[in-house]
Structure formats: structure tokens, C-alpha cells
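Reading through the C-alpha cells given below for one structure.
Every number here is computed from the coordinates shown, using simple stated rules; none is lab data. Computed from a predicted model, the values in this text were never measured in an experiment. Please note: Cβ atoms are built from the backbone with ideal geometry, for glycine as well, and neighbour counts cover all protein chains shown.
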Amino acid sequence: MTPAPVGLLALTRPGFEVECATELEALAAAVAARATARVEPHSGRVMLEAADARSAERLAARAGVDETVFARQLVVVRTVVRDLPRGARVEALVDAAAAHGPFAGPVLVEHADDDSGRRLAGLANALVAPLTGALGRAGLLVEDPARHRLHVVVLDTATCVVATSAPGRASPWPGGVPRLRLPGRAPSRSARKLEEALACLLPPAVVERELGPGTVAVDLGAAPGGWSWVLASRGARVIAVDRGPLKGAAAEAPSIEHRRVDAFTFRPEARVDWLVCDVVDKPARVTELLAGWLREGRLRAMVFNLKLPMRQRHAAVEACRARLEAATAAGAVEGTLRLKQLFHDREEVTGAWWSAERGRARRATPRPVRRRRRS
Ligand code: SAM
């Protein structure tokens, strides 16, 4: 019989451990599991220790990284391996994992994102190939996507957490940090946030179906133009709303139309498919702005960034969620809302909403984004 798990381990942005712990404790309460969150400030990780085997099983059955805002990665802890011998770490880890396998590959070797965690990146990377080889030779890696995946989280050079995740319930990226191809000519680093949201927050089928030539997007708080550039690069026609100037490729793109007006009062003349919003303002004010657009019930999808307050950050996010869900109910628009602190988010979270309605009426193909040749 497979030994019972002992709890959950979340990797988070350093500084957001308390918010993450609050979410994990809520998850425990939702499944009537007795558990205690261990928080070490700025460690980039939170351990939720189950009080008994039954609680641990309930947590393991419920754990899903996509259901949290502040966990980048969420795994089911099987055992903590201490005093790993320097020259024989791989053997010790395989021994510890054996009772819980076999596993679907690939094995993820991860570490926290705090300073000491990042110093372990070299060791984590160096473990991947020999560990994969040794697990394979031991018959512990199988080609069966229905199997749990193995995670090894390196805590220090002599201590690793051996953990698992059910299919689709953890991030497929080590540490929950996605490797993305970023738009080379984007006029701001902010573009990375929208790229990550499109890659990780919305289902690929929705992005594929709802964003592209023939779609119209409004970008509120657009300057200097990174988000507008990402949307235009994917073929959308963009109305970029900001009193400040667009720069670089965004200023030159014929499919980006700049309107120097207030994002809080702007309304388009015709129907738009996407609303994106990166306005820097109080989260409650931005939420109210988004709620107004949702209530009108005409959007296909929305991506927004909320700048978090210094305190009560978890409460601010949940207030936003409640307000937007109420707005969709009032507008009778069915859809899915997700909020997540992405890797590229700092003191902020990103939200995405997409309509449950399938399909879109493609309009006339817009003019392509003009790309300047380098001299
Ligand atoms: N997403 C942008 C990008 O990728 O380049 C960066 C946006 S920046 C974080 C926030 C922008 O919100 C600023 O350019 C600011 O001028 C704009 N902003 C703040 N309040 C606004 C308002 N009331 N109306 C229009 N723009 C506003």
C-alpha cells in the first residue's frame, strides 16, 4: 500500500507566504482537513502540515495549483529526505520515491525563488538527468499520463522534499516559472505579463479561438504599449487608451490606434472582443471599471492586472473576485474568472475572464502590423 502523504507544499513569490498560507488553510477548511501552515517569511514556500493521515488524504485529493492565486506550484508532500549523502543523493531520492511510484514523466526538480533557493538552481538542474535515468532503470517512470508526477523540491544541499501531483493539478514548469518566448520588439517589460497570462491563465483553445485577425481589443492604461503590441502581434486591431505616449513598435503599428482619454470614462463606439487593463490605480476602483464592462455582457475575454495594497492583499483579491462574479451574474454573462499572481507579477496579481459562449464573428481582416527593417 502507498504510504499516506504528510501535507502540501506551495512555492510562492517571496513576501507572499502569508497570503498563500491563508489560501491553503481555506482549502483545508473546505475539505474538513486538520492542518497547520508553516510560514517562514520571504522563504518563497509554505508547508501545510496535515494533523493526521485522513486529513492528508483529503488535502491531496483537493490540491490544485490553478485554484490558488498565490501558489506558483502546489505539490503533495510524501516525505522529507534529510542528510542526503553528497555523492549519493540520487540513490537516496530514488529509494525515498520508490514507495510512491511509478510516476508519469518528466520528473520536476524544483526550488524556492528566494535568495537561498535560487542558489540551489545549479544543484536542482544537475539532479534532473541522473535522477530521471535512475528512476527509469528502477522501473519508476512509465508512459502513462494518468499516473501522478514526481516532484523533488530541493530545500538545501542535504534536504529534499519528495512530492507528487495528480495529472493537471500542478504547474508543468519547475517552480511554476514558465519559459516563454517573449516578443523581441515589445516597447515595455509589461508585455511579459500579458504573454504569461495568455500562455498560462487562459485555456489555449480560448486564446486560439478568440484572439487573432478580425478581433478588436481595447487596452486601458496602454502606454508605453507592451500589451497593445502583444495583441497586435497576434493579429488583433487595438484601441490603446492612455493619456501618456505610446513608444517604439506600438507607436508605429498601424493596427494600434491611440486614444488620449481617461480609461475610466472611455467607451468604444462599436463592440469589442477583448478588454485588457493595466491601469495603475486602487484595486477597488479598477475592479469597478471592469465590472461595468462585464455587466454590459459584450466581451469575449478580459485580462487585467490589479496592483495590490500594502496590507490585506488576500482580502483585496477576494473582494475583486466577488465583485466581478456579481457583475457577470447581473449581466447574465456566463464565463470563467481566474486570478493568479504570475511569475512576472510583482506586488500585483493578474486576472482573466473568458466567455462560456463559443465562437466569434470574425470581422474584415485588419491591416497587418508594419514591421520596420533594421538598418
Ligand atoms: N500595459 C502597459 C504596457 O505594457 O506598456 C503598461 C501600463 S502602465 C503599468 C500603467 C498606465 O496606466 C500608465 O501609462 C498610465 O498613464 C495609465 N493610466 C493610469 N490612470 C489612467 C487613466 N485614468 N486613464 C488612462 N490611463 C491611465
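The long axis of helix 121-137 is offset from the longest Cα principal axis of the chain by roughly 60 degrees. If the chain linking Ala61 and Ala319 were pulled fully straight, counting 0.36 nm for each residue of separation and taking away their Cα-Cα distance, it would gain 90.2 nm.
Ranking Pro283, Val303, Ala315 by how far each Cα lies toward the positive end of the dipole of the chain (charges on Cβ) leaves Val303 at the top. Only beta bridges with both residues in the chain are counted; by DSSP, about 65 percent of them are antiparallel. Residues Met310, Met47 in ascending order of nearby Cβ atoms (within 10 Å, fewest first): Met310, Met47. In a reduced charge model with +1 at each Lys and Arg Cβ and -1 at each Asp and Glu Cβ, the chain shows a dipole moment near 1580 debye about its Cα centre.
Against the chain, whose longest principal axis is taken from its Cα atoms, helix 283-296 shows a tilt of about 60°. For region 272-334, a simple Cβ point-charge model (Lys and Arg +1, Asp and Glu -1, everything else neutral) yields a dipole of about 260 debye relative to the Cα centre. Modelled label positions at Thr336 and Ala138, each set 7 Å beyond Cα in the direction of Cβ, lie 3.5 nm from each other.
Computed on the chain, with alpha-carbon pairs under 8 angstrom and 6+ residues apart, the relative contact order is 13 percent. So if R0 is 35 Å, what FRET efficiency would Ala129 and Arg311 give, r being the distance between their Cβ atoms, rounded to the nearest 0.05? Between Ala129 and Arg311 the formula returns 0.20. Of the residues Val152, Val177, Leu294, the one whose Cα sits farthest towards the positive end of the charge dipole of the chain is Leu294 (charges of +1 on Lys and Arg Cβ, -1 on Asp and Glu Cβ, taken about the Cα centre).
Taking every C-alpha pair closer than 8 Å and separated by at least 6 residues, the mean separation divided by the residue count of region 1-127 gives a relative contact order of 31 percent. Maximal additional length on extending the Arg179-Arg260 stretch stands at 25.7 nm, based on 0.36 nm per residue less the C-alpha distance. Note on Ala98/Ala26: beta-carbon distance plugged into 1/(1 + (r/R0)^6) with R0 of 45 Å gives a FRET efficiency of 0.85. Segment His42..Arg346, full-extension length gain: 108.1 nm, with 0.36 nm per residue of separation and the alpha-carbon distance subtracted.
Taking every C-alpha pair closer than 8 Å and separated by at least 6 residues, the mean separation divided by the residue count of region 31-88 gives a relative contact order of 25 percent. For each of Asp83, Asp242, count neighbouring Cβ atoms within 10 Å of the residue's Cβ, then give the residues from fewest to most. In increasing order of surrounding Cβ atoms, one gets Asp83, Asp242.
Quick check: from the Cα gyration tensor, does the chain come out rounded (a/c under 1.5), prolate or oblate? Here the chain falls in the prolate category. Evaluated at q = 0.18, 0.19, 0.22 Å⁻¹, the base-10 log of the normalised Debye intensity for region 110-198, with identical point scatterers placed on the Cα atoms, takes the values -0.95, -1.01, -1.16.
From the alpha carbon centroid of region 211-273 to that of region 61-121 is 42 Å.
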